[in-house]
Amino acid sequence: MSMTRNLQLIALMFFGIVMVSQAQVNKIKLVQVPGAFMETSLDLAPGDYQFEIMNKGVDHEVGFVVAPKGKTDAAHHIKEAYVTAPVKNGSSSMTKVVSLDAGEYVYFCPLNPTEQYNLTVKGDMMKKEAMMDKGHTMAKKIKLVQTAGEFKTKSLMLDAGRYQFEIANMGVDHEVGFVLAPKGKTDAANHIKEAYVTAPVKDGSSSMTQVVTLRPGEYVYFCPLNPTAEYSLTVK
């Protein structure tokens, strides 16, 4: 075999290894608004992740911290999870690749500032189950809180993917629910049925939806039982 042919094969093998390595990195987008992240918890399988942090409406630069739960001082921060550049309003920045083993973590931004949100990485069995789920990535969880006549989160901007919503009732003196529908098509026939809560939500409690697959487009979410306005949910 000629030297040229050997070099071509080596180059192809190297390129293939690089492509496989890149394909194994899971990318997660998290959006910050004043004082909060829109995504209020994450359940992940062990693996390599890269986070894109977006600043939506915070009038100064923000950042991102991931740390083991209960160990949030700077010495325990996962340095690879720092953004590569401060995030100005209307922009986003990536972290480096973060390798997460099974365990309990938190994520937060001390510059916004936000509370600490749970990031749970489950063991190998969960990872295998996720891989068996027809090749889908695990669903991201988003918590939405209802108070009397409104949701506290006024809009959502998400990437296409799989989501599960937790609906909490904080101070509404009767049961509430959750409706997600394409924008302009809010009659019952067009409701995304998987987004209904699995049980009515009493004051002081919460209920989960099923897993909802969202494709790019414009949606609205609301509660006709509260009742609330229709809030914008944009999927890019």
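Read the figures in this text as sums done on the coordinates, not as results from a lab. Please read these numbers as outputs of a predicted model, since none were measured by experiment. Every residue, glycine as well, gets a Cβ built from its backbone with ideal geometry; the counts of neighbours run over all protein chains shown.
Listing for the model above:
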{"read-out": "Segment 179-200-segment 19-96 distance, computed between alpha-carbon centres (Å)", "value": "30 Å"}
{"read-out": "For Gly204, net neighbour charge (Lys/Arg +1, Asp/Glu -1) across residues whose Cβ lies under 12 Å away", "value": "-2"}
{"read-out": "Neighbour net charge for Ser41 - beta-carbon separation under 14 angstrom, K R +1, D E -1", "value": "0"}
{"read-out": "Residue order, fewest to most beta carbons within 10 Å, for Lys202, Lys56", "value": "Lys202, Lys56"}
{"read-out": "Rg followed by Dmax, in Å, when segment 140-235 is reduced to its Cα trace", "value": "12.1, 35"}
